[in-house]
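Chemist: My structure is below; once you've seen it, I'll send some questions.
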Amino acid sequence: MQQGWLTKTFKGDRAIWGLVVLFMVYSLLSVYSSSVGVAFKNYGGNTTYFLRSQLIMLILGLGIIVVVHYLPYRIYSAMAGIILIVAAGLLVLTLFFGARINEATRWLVIPGTGFRLQTSDIAKVALVLYLARTLSKYQNELGNFMLVTKYFMVPVAIICALIMPENLSTAMMIFMISMIILYIGRVPFKFLLAYLGMAVAGVVLFALVLTVVTKDNRVDVWKNRIESFFSADSNADDDYQTNQAKIAISTGGLFGKAPGRSTQRNMLPQSNSDFIFAIIIEEYGLILGAFPLILAYMILLFRAITIAKKCETAFPAFLVLGLTVMIVVQAMLNMLVAVGLFPVTGQTLPMVSWGRTSVLVISFSIGAILSVSRVVNARIRNEELTEEEISDEGEKIYEPAKT
């Protein structure tokens, strides 16, 4: 029986492809609903501005997933170091020449296009690729503290240090993701505790230097976010945002107000990005909004673990787990912020929130995961075929990688 064109075009784990479709549906519905008022006010009555922007990015993202999932994942191992160096260079350029928006310099504007590139998103995935490559290379030497520090923690520290001046929450998230990946990669837990202590000391020292030497107001932003989270009497902007998000969630209840019926979208800043999860609950409720999305990210994690277990070598397993941890941790942080269980971080909901660089980076990550899945499935199918079936196929499906 001949395979359908869908099966031939979209290879790899079918459950993950299904999740991609689910995320895109939620994204288009919620981005449009949450941004109608903002679009009407800021774009001359064009209520579909954000919807069209997101649709274009999702179509481009789907194209990236398809292309990347056909590429051999071994190229990421060979190029991991170069990609990380390029990402670090982009972060340096952002610090000196980046566009300053909302009192923070986090974007590089591509000349002649007006497209803003959030370089921390690129650095995040570049670091995951590098850690997966390095973990596979030094699997038998992870008990050496100096080696782990030199080849693992120094790159992590450099990337986080370049991001931290303008985006502390993202730097902390990347550090946390790195620690989880290293733990999965069997780096001794006592090493990770030592690095955690060093990181805390480094952040405190950095904040003191900014306060005493430069009088930088970023420290005040960090301080206000922490105070607004722990203080019920705070009047900070972040406290206002979380209160509006809580109202959206509480009024949504179990079944929601119905699509397009949100009232808090007009009150909640960043309703189509950082706090889109609250709008989804307001309109679709816990039953059709929150639970399906949470379950979707958990299924993605489960499928990644399943794929990793089938890998015969270390690098693809660490690649799949690292990229999935990156996606799921970011999703969980976004949700925790929306429900008021974590200080405001400014992280988007992967593949759902309105965004540009974030959509492209997450699409690349999903494509790389599917690339590993495609090769693993082909190898397993090849092993199950008899010699006669292989002959009938006309060609060998899978060619093992040379070691």
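Chemist: If you scan segment 136-178, which residues turn out to be part of a helix (DSSP H, G or I), of a type in the set (S, T, Y) and in contact with a Leu (Cβ under 7 Å, 6 or more places away or on another chain)? Spell out how you get there, then give the answer.
Modeler: Keep residues of segment 136-178 that are part of a helix (DSSP H, G or I), which gives 136-137, 139-141, 145-163, 168-178.
With the extra rule that they be of a type in the set (S, T, Y), the set shrinks to 136, 149, 151, 169-170, 178.
Across segment 136-178, the qualifying residue is only S178.
Chemist: Restricting to segment 158-194, and then to whatever is surrounded by fewer than 22 Cβ atoms within 10 Å (Cβ to Cβ) and hydroxyl-bearing (S, T, Y), can you tell me which residue is nearest to Q347 (Cα to Cα)?
Modeler: Filtering first and then ranking leaves S169.
Chemist: Give just the number: which of (1) closer than 16 Å to V361 by Cβ; (2) not in a helix (DSSP H, G or I) does I122 not satisfy?
Modeler: That leaves (2) as the condition not met.
Chemist: In segment 235-289, which residues are charged (D, E, K, R), under 17 Å from S33 (Cα atoms) and part of a helix (DSSP H, G or I)? Before you say what the answer is, go through the steps one by one.
Modeler: We begin by selecting, within segment 235-289, every residue charged (D, E, K, R); these are 237-239, 246, 257, 261, 265, 274, 282-283.
Within this subset, residues satisfying the condition of being under 17 Å from S33 (Cα atoms) are 257, 261, 265, 274, 282-283.
Hits for segment 235-289 are R265, E282, E283.
Chemist: Here is a further query. Output the residue which, of all residues in segment 241-255 that are without any contact (Cβ under 8 Å) to a residue 60 or more places away in the chain and β-branched (V, I, T), is nearest to P343 (Cα to Cα).
Modeler: If we take residues in segment 241-255 being without any contact (Cβ under 8 Å) to a residue 60 or more places away in the chain and β-branched (V, I, T), then I247 is nearest to P343 (Cα to Cα).
Chemist: Show the residue pairs meeting these rules: Cβ distance below 6 Å; 6+ apart or different chains; first residue within segment 44-66 and at pLDDT below 95 and surrounded by 19 or more Cβ atoms within 10 Å (Cβ to Cβ); second residue part of a helix (DSSP H, G or I) and aromatic (F, W, Y).
Modeler: L51/Y32
Chemist: I want to confirm something. Restricting to segment 314-356 and keeping residues that are in a helix (DSSP H, G or I) and aromatic (F, W, Y), which single residue is nearest to the chain's Cα centre (by Cα)? So that I can check it myself, show each step before the final result.
Modeler: Start the filter on segment 314-356 by keeping residues that are in a helix (DSSP H, G or I), which leaves 314-338.
Filter once more, keeping what is aromatic (F, W, Y): 315, 318.
Details: F315: 20, F318: 16 Å.
Ranking the candidates gives F318 first.
Chemist: Report whether or not V187 is in a loop (DSSP other than H, G, I, E, B) and under 29 Å from I362 (Cβ atoms). Let's see the steps before the verdict.
Modeler: Details: in a loop (DSSP other than H, G, I, E, B): yes; under 29 Å from I362 (Cβ atoms): yes.
Yes: the conditions hold for V187.
Chemist: Tell me, please, whether a residue that is in a helix (DSSP H, G or I), aliphatic (A, V, I, L, M), free of Cβ contacts under 8 Å to residues at least 40 places away in the same chain and surrounded by 23 or more Cβ atoms within 10 Å (Cβ to Cβ) can be found in segment 292-301.
Modeler: First, the residues of segment 292-301 that are in a helix (DSSP H, G or I): 292-301.
Pick out the ones that are also aliphatic (A, V, I, L, M) and you get 293-296, 298-301.
Still in the running and free of Cβ contacts under 8 Å to residues at least 40 places away in the same chain: 295, 298, 301.
The next check asks that each one be surrounded by 23 or more Cβ atoms within 10 Å (Cβ to Cβ); those that pass are none.
No, segment 292-301 has no match at all.
Chemist: Now, a different point. Would you call L71 over 22 Å from P350 (Cα atoms), among the aliphatic types (A, V, I, L, M), in contact with a Ser or Thr (Cβ under 7 Å, 6 or more places away or on another chain) and touching a residue at least 24 places away in the same chain (Cβ under 8 Å)?
Modeler: Values: over 22 Å from P350 (Cα atoms): yes; among the aliphatic types (A, V, I, L, M): yes; in contact with a Ser or Thr (Cβ under 7 Å, 6 or more places away or on another chain): yes; touching a residue at least 24 places away in the same chain (Cβ under 8 Å): yes.
Criteria met by L71.
Okay, residues lined up against (1) surrounded by fewer than 15 Cβ atoms within 10 Å (Cβ to Cβ); (2) among the hydroxyl-bearing types (S, T, Y); (3) more than 25 Å from S365 (Cβ to Cβ); (4) touching a Cys at 6+ places or on another chain (Cβ under 9 Å):
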residue: V109; (1), (2), (3), (4): yes, no, no, no
residue: G114; (1), (2), (3), (4): yes, no, yes, no
residue: L129; (1), (2), (3), (4): no, no, no, no
residue: A132; (1), (2), (3), (4): no, no, no, no
residue: T149; (1), (2), (3), (4): no, yes, yes, no
residue: V156; (1), (2), (3), (4): no, no, no, no
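Chemist: Additional query: Within the bounds of segment 48-55, is there any residue that is of a type in the set (D, E, K, R), out of contact with any Leu (no Cβ under 8 Å at 6 or more places or on another chain) and more than 25 Å from A378 (Cβ to Cβ)? Before the answer, list the steps.
Modeler: Pass one, segment 48-55, residues of a type in the set (D, E, K, R): 52.
Add one more test, that the residue is out of contact with any Leu (no Cβ under 8 Å at 6 or more places or on another chain), and what stays is 52.
Add one more test, that the residue is more than 25 Å from A378 (Cβ to Cβ), and what stays is 52.
Looking for residues that are of a type in the set (D, E, K, R), out of contact with any Leu (no Cβ under 8 Å at 6 or more places or on another chain) and more than 25 Å from A378 (Cβ to Cβ), one finds at least one in segment 48-55, hence yes.
Chemist: What residue, among those in segment 195-206 that are closer than 28 Å to S136 by Cα and surrounded by 15 or more Cβ atoms within 10 Å (Cβ to Cβ), is modelled with the highest pLDDT?
Modeler: Y195
Chemist: Can you tell me which residues in segment 4-16 are surrounded by 19 or more Cβ atoms within 10 Å (Cβ to Cβ) and either assigned to a helix (DSSP H, G or I) or acidic (D, E) (or both)?
Modeler: Scanning segment 4-16 gives D13, I16.
Chemist: Which residue is modelled with the highest pLDDT, if the candidates are limited to segment 1-43 and must be among the basic types (K, R) and touching a helix residue (DSSP H, G or I) at 6+ places or on another chain (Cβ under 9 Å)?
Modeler: Step one: list which residues in segment 1-43 are among the basic types (K, R), which gives 8, 11, 14, 41.
When the remaining residues are screened for being touching a helix residue (DSSP H, G or I) at 6+ places or on another chain (Cβ under 9 Å), the result is 11, 14.
Details: K11: 87, R14: 93.
Restricting to residues being among the basic types (K, R) and touching a helix residue (DSSP H, G or I) at 6+ places or on another chain (Cβ under 9 Å), the top hit is R14.
Chemist: Pick from I369, I362: which is modelled with pLDDT of 95 or more, crowded, with 24+ Cβ neighbours inside 10 Å and under 23 Å from W107 (Cβ atoms)?
Modeler: Numbers: I369 fails: under 23 Å from W107 (Cβ atoms).
Matching residue, one of I369, I362: I362.
The values are calculated or read from the model by the stated rules, or taken from the named source; none is laboratory data. If you're wondering where the values come from, they're calculated on a predicted model, not measured in any experiment. Note that we place each Cβ from the backbone using ideal geometry, even for glycine, and neighbour counts take in every protein chain shown.
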